[in-house]
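Colleague: Got a structure here, written out as structure tokens. Questions coming.
The values are calculated or read from the model by the stated rules, or taken from the named source; none is laboratory data. Because the structure is a prediction, the values reported are computed rather than measured. Ideal geometry is used to build each Cβ from the backbone, glycine not excepted, and the neighbour counts take in all protein chains shown.
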Amino acid sequence: MRPLEDRRFLFVTGKGGVGKTTIAAALAERFAAQGKRVLLTVCDAKERTSQLLGVPALTQDLREVKPRLYAVKITAERAMEEYGLMILRSRTMYSAVFDNRFTRGFFKGVPGLYEWAMLGKAWYHSIEEQDDGAPRFDVVLFDAPATGHGLDMLRVPKIITEVVPPGILRRDAERAYTMFRDPEQSGVVVVTLPEDMPTSETLELYEALTNELRLPVARLVINGVIEPLFSPEEQHELLKDRTLNRSLPGDEALSGGIRRVIRERVQEESLARLAALPVARTELPLLLKEAQTPEAVQELAALLR
Amino acid sequence: MSLPSLEPLIETRRVVLCVGCGGVGKTTVAAALALAAAQRGRRVLCLTIDPARRLANSLGLDRMTGEAQRVDEALFRQAGVQVRGELTLMMLDTKRTFDELVTRHASSREARDRILNNRLYQYVSTSLAGTQEYMAMEKLLAVQQDSSYDLIVLDTPPTSNALDFLDAPERITQAIDSAAMRWFIQAFESSGKFSLNLVAKSVALVLKGIGRLTGGGFLEQMAEFVTELNDLFGGFKSRAAQVAAAFRSPDFAYVLVTSPAPMAIREVLYFAERLSEQGMAQDAFVVNRLHRAPRSVATLTEAEDAIQRHGLTLGEGAAERLVRAVTEEQQLADLDRRHLATLQAALKSKQGEPTTQVLIPALPSDVHDIATLVGIAELLAPSARAA
């Protein structure tokens, strides 16, 4: 499979509660350890990425939090301002447009504009160059909001290209959308769990990404995979009807075995459904300890190839 | 001592909102709550956002639609459940709700068609962040008037950020019916019809700046669209106020759903804070998907003995693997218990009187039959078996 880190822009998404932010942080750690200059962009105002990386709280000022690992917290208001200033080039013009109570309310309400500002800022960093013309970052990771909104956000550049008349906004959205669709330059990393509902949602997400938006899915990360302990014959044997006295530790162990078999079967079925997708997969083990720690993130980073 | 129960909520309130971040099992909790109320004789509408197909199937529905679909009593009887009331399910259809809103309020057929065919409307009504949340509220207000239901249980959209749900109407109305919009519309009208000299210099500058950003004509298009919508609803702003008032009514109950995952707990605490800031009650917490601890963790000998006693034919090392299965269950349960303790400590320090808390164990597989749903309903609102 094509290494993820060869792409300039990676969009990390998935249903709520699947460990998306943890995976984004682990990917950033991994790329930095490989010698890449990485930027991790986070859209959550109450970000917990810093806790996962073991660094002081992220701010809206982009900074190098670890060697080669840069991180920034993106808020819509600030991104909008930066975008405005970049385009309008003059402070006077900028103040007239943005330091105005009318326009502030307006910008906040135009559907999609704030989403574009956040995504657009991350995209801008992925095409940013240093003085010598080399790219400022090798990889930009975008830790997207959970599925529903993540998809809404990815739709925005497409909608802008369809609705907004030619101008700077449309030109930028077109450039970003073209780059997002190019599998050489960008990709979506979809994070999921080997369970029924997250799997269904992942299949739907994949469908929307590839058919509706035509965005390349670069990797499917299946988080929280348990090790199968019982063979099909043993599964069958354990599931046979029998009366257990669960107050006996031995019988409770058999009962635990049955519960495990049910989980393993759900997992097996989910993995089979996910295997039908034509996309490279990485399975990560369920951690039987606190997963929201820098140590756990390092552990996962080492497993992310 | 009685078990914590949501019974008082489902028996006395008009609307129960299940809120929480994505991936905590809100939809299942909402469906089980609705069932518990129906068992108690209420006529319940469960308005859900994104139901799992298997859950819908188990209730005898091929698929969920935007139509209200009553669950067949025969299914409950087959499952051995007594349901004295009625259970109706409906899925939120964002586009359809918006279209209905337009159709209901348009002053003429022409006005209606102008909006429904507007290109901006097509996007706003389908694929933009915030619209789903807003329409969930609109739908709720619409069904709230419907006297064929005693109780409405709403499963809120799976936002990554539970807060979006409350902010969505305000965010949209801010753009549509605000001083800003009126100011813009005026500015466009004057800049189009008169020479720029007549427009205040600052306005001209702003328009020029925005025009540079969006290209010519876009804001005019936007303004036109918004004017049209405004006409239609006689002011979105008053509507937003109406929505806001309804959501603070004592008829509404808020059930905060979380899983024991630290992220979900953080989100639910944050949301609880937002609710109290806005003068809304946090009526109950449901902690879903708690890993249950095994009753005991067997030794290797105990496991071997049990395999023999029950005459099981298992492969080599099976006893060891059985012990590992229960050991891992214990580890997951210990983690959850620790996370739950942080939630309970935070709630204790914030609240004078304790809020109802219900704990629901994790199941080895998803809920897809009536019996399991009834089991969850029983945990949410234990039936009084005394009589």
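Colleague: Given (1) facing chain B (nearest Cβ under 10 Å); (2) within 14 Å of A:I222 (Cβ to Cβ); (3) buried (at least 21 other Cβ atoms within 10 Å of the Cβ), identify the lone condition not met by A:L300.
Modeller: So A:L300 meets the others, but not (1).
Colleague: Follow-up. Within segment B:326-338, is there a residue that is farther than 28 Å from B:V257 by Cα, of a type outside the set (V, I, T) and surrounded by fewer than 18 Cβ atoms within 10 Å (Cβ to Cβ)?
Modeller: Scanning segment B:326-338, I find no residue that is farther than 28 Å from B:V257 by Cα, of a type outside the set (V, I, T) and surrounded by fewer than 18 Cβ atoms within 10 Å (Cβ to Cβ), so the answer is no.
Colleague: From the set of residues in segment B:218-266 that are at pLDDT below 75 and part of a loop (DSSP other than H, G, I, E, B), which is farthest from B:T342 (Cα to Cα)?
Modeller: B:G234
Colleague: Hey, could you check segment A:86-110 for residues that are crowded, with 19+ Cβ neighbours inside 10 Å and more than 7 Å from chain B (Cβ to nearest Cβ) and say which is modelled with the lowest pLDDT?
Modeller: A:F107
Colleague: Look at segment A:179-223 and say how many of its residues are more than 22 Å from A:Y83 (Cβ to Cβ), of a type in the set (S, T, N, Q) and either part of a strand (DSSP E or B) or within 15 Å of the chain's Cα centre (by Cα) (or both).
Modeller: So the answer is 3.
Colleague: Could you please let me know if B:E316 is modelled with pLDDT of 95 or more and assigned to a helix (DSSP H, G or I)?
Modeller: Numbers: modelled with pLDDT of 95 or more: yes; assigned to a helix (DSSP H, G or I): no.
Against the criterion (modelled with pLDDT of 95 or more and assigned to a helix (DSSP H, G or I)), B:E316 does not qualify.
Colleague: Looking for something in a loop (DSSP other than H, G, I, E, B) and of a type in the set (D, E) - is there at least one such residue anywhere in segment A:258-274?
Modeller: Residues of segment A:258-274 in a loop (DSSP other than H, G, I, E, B): none.
There is no residue in segment A:258-274 that is in a loop (DSSP other than H, G, I, E, B) and of a type in the set (D, E).
Colleague: Please determine whether any residue of segment A:73-85 is under 18 Å from the mean Cα position of the chain (by Cα), within 25 Å of B:V24 (Cβ to Cβ), of a type in the set (D, E, K, R) and more than 11 Å from chain B (Cβ to nearest Cβ).
Modeller: yes
Colleague: Continuing with this model, one more query. Would you point out the residue of segment B:95-117, among those that are modelled with pLDDT of 85 or more and polar (S, T, N, Q), that is nearest to B:R63 (Cα to Cα)?
Modeller: B:T97
Colleague: Sort out which residues of segment A:159-178 are in a helix (DSSP H, G or I) and surrounded by fewer than 20 Cβ atoms within 10 Å (Cβ to Cβ), and write them in order of number.
Modeller: Within segment A:159-178, the subset in a helix (DSSP H, G or I) is A:159-163, A:168-178.
Correct list: A:T161, A:E162, A:V163, A:I168, A:R171, A:E174, A:R175, A:T178.
Colleague: Shifting gears a bit: Among the listed residues A:P216, A:P249, which satisfies the condition of being facing chain B (nearest Cβ under 8 Å) and surrounded by 14 or more Cβ atoms within 10 Å (Cβ to Cβ)? Quick ask: steps written out before the conclusion?
Modeller: On the way: A:P216 fails: facing chain B (nearest Cβ under 8 Å).
So the residue among A:P216, A:P249 that is facing chain B (nearest Cβ under 8 Å) and surrounded by 14 or more Cβ atoms within 10 Å (Cβ to Cβ) is A:P249.
Colleague: Separate question: Please go through segment A:45-59 and pick out each residue that is in a loop (DSSP other than H, G, I, E, B) and crowded, with 18+ Cβ neighbours inside 10 Å.
Modeller: The first filter runs over segment A:45-59 and keeps only residues in a loop (DSSP other than H, G, I, E, B), leaving A:45-48, A:54-59.
Across segment A:45-59, the qualifying residues are A:E47, A:R48, A:L58.
Colleague: For segment B:126-136, check the following and say yes or no: at least one residue is closer than 22 Å to A:I160 by Cα, in a helix (DSSP H, G or I), at pLDDT 85 or above and within 14 Å of chain A (Cβ to nearest Cβ).
Modeller: So far as segment B:126-136 goes, no, none of its residues is closer than 22 Å to A:I160 by Cα, in a helix (DSSP H, G or I), at pLDDT 85 or above and within 14 Å of chain A (Cβ to nearest Cβ).
The rows are residues; the columns are (1) modelled with pLDDT of 95 or more; (2) more than 7 Å from chain B (Cβ to nearest Cβ).
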{"site": "A:V156", "(1), (2)": "no, yes"}
{"site": "A:T161", "(1), (2)": "no, yes"}
{"site": "A:Q185", "(1), (2)": "yes, yes"}
{"site": "A:P194", "(1), (2)": "yes, yes"}
{"site": "A:S231", "(1), (2)": "yes, no"}
{"site": "A:R242", "(1), (2)": "no, no"}
{"site": "A:L254", "(1), (2)": "yes, no"}
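Colleague: Among the residues of segment A:29-44, write down those that are over 11 Å from the mean Cα position of the chain (by Cα) and crowded, with 21+ Cβ neighbours inside 10 Å.
Modeller: Residues of segment A:29-44 that are over 11 Å from the mean Cα position of the chain (by Cα), as a first pass: A:29-39, A:44.
Listed by number, the residues that qualify are A:E29, A:R30, A:F31, A:A32, A:V38, A:L39.
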